[in-house]
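**Q** First, the structure itself, so that you have it in front of you.
The values are calculated or read from the model by the stated rules, or taken from the named source; none is laboratory data. Being a predicted model, the structure only gives us computed values, none of them experimental. Glycine gets a Cβ as well: all are built from the backbone with ideal geometry, and neighbour counts include every protein chain shown.
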Amino acid sequence: MNAPLNPRLSRFQEVLLLVGQLNYAWTNTESLLIHLIAGLAKVQKEVAIVIFLTLNTGKARIELVERLAKVKGTDPRCRQEVLAAMRQMSRQARLRNKYSHCIYAFDETGSRATTQLMRIADGETEIRYGKTEELGPDEMRAILNAIAEIRAVNEAIWAIVRRYDFPR
């Protein structure tokens, strides 16, 4: 049996809590890209919001920030800091996407959890879909680590915004 990391919570409660924290940390941090877009593109925050909202994936938003950081005339230190933050954010996107786009199943006691991925894998002659995985202690720790990493990216972005006086 997979006991919850927090003994006061069932695995069901723990999974919902961690996935909620993961999504909160991600969306909160992703919204900070608005400040990087505004500062790097040298536009008002309102313009950066329109740009941010026009791009409909986190990947597209991260790529835009990376490209803006690479524009000639960007302070080299700023470029390095922004690109490092975007690399760190991109590493966490995969896990976040996995747990945001899957189906969860729990046993009748709420102590065992599995995920079923909602994506198609195309092979040469067949397709596979619905890969099922146990959501055990190692995966729960991976989610906790991802939350901590995303929070670190959040702090790094705020430091960049302050250091380079980007619009807030």
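**Q** Which residue pairs have Cβ atoms closer than 6 Å, lie 6 or more positions apart in sequence or on different chains, and pair a first residue in the stretch 1-25 that is over 17 Å from residue 149 (Cβ atoms) and of a type in the set (A, V, I, L, M) with a second residue that is surrounded by fewer than 19 Cβ atoms within 10 Å (Cβ to Cβ) and at pLDDT below 80?
**A** 1/111
**Q** Okay, next question. For the stretch 1-88, give me every one of the helices (runs of 4 or more DSSP H) that falls completely inside it and has 2 or more residues that are in contact with an Asp or Glu (Cβ under 7 Å, 6 or more places away or on another chain) and at negative phi.
**A** Counting at least 2 such residues, we get 58-69.
**Q** Sticking with this one: Spot the failing condition for residue 114; the list is (1) within 15 Å of residue 16 (Cα to Cα); (2) surrounded by 14 or more Cβ atoms within 10 Å (Cβ to Cβ); (3) within 19 Å of the chain's Cα centre (by Cα), and only one is missed.
**A** (3)
**Q** May I ask you to list the residues in the stretch 62-77 that are within 22 Å of residue 29 (Cβ to Cβ) and either more than 22 Å from the chain's Cα centre (by Cα) or of a type outside the set (Gly, Ala, Ser) (or both)?
**A** 62, 63, 64, 65, 66, 67, 68, 70, 74, 77 - these are the residues of the stretch 62-77 that are within 22 Å of residue 29 (Cβ to Cβ) and either more than 22 Å from the chain's Cα centre (by Cα) or of a type outside the set (Gly, Ala, Ser) (or both).
**Q** Continuing with the same structure: Of the residues 11, 96, which is surrounded by 20 or more Cβ atoms within 10 Å (Cβ to Cβ), among the basic types (Lys, Arg) and farther than 22 Å from residue 119 by Cβ?
**A** Checking each option against the conditions leaves just 11.
Per-residue answers, yes or no, for (1) under 30 Å from residue 167 (Cα atoms); (2) modelled with pLDDT of 95 or more; (3) within 22 Å of the chain's Cα centre (by Cα):
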position	(1), (2), (3)
11	no, no, no
14	no, no, yes
17	no, no, yes
22	yes, yes, yes
25	yes, yes, yes
29	yes, yes, yes
33	yes, yes, yes
41	yes, yes, no
46	yes, yes, no
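**Q** For residues that are part of a helix (DSSP H, G or I) and basic (Lys, Arg), scanning just the stretch 140-168, find the one that is modelled with the lowest pLDDT.
**A** If we take residues in the stretch 140-168 being part of a helix (DSSP H, G or I) and basic (Lys, Arg), then 141 is modelled with the lowest pLDDT.
**Q** Looking at the stretch 104-114, is at least one residue without any contact (Cβ under 8 Å) to a residue 60 or more places away in the chain and aromatic (Phe, Trp, Tyr)?
**A** no
**Q** Of everything in the stretch 13-35, what is more than 21 Å from residue 52 (Cα to Cα) and among the β-branched types (Val, Ile, Thr)? Give them in sequence order.
**A** 15, 19
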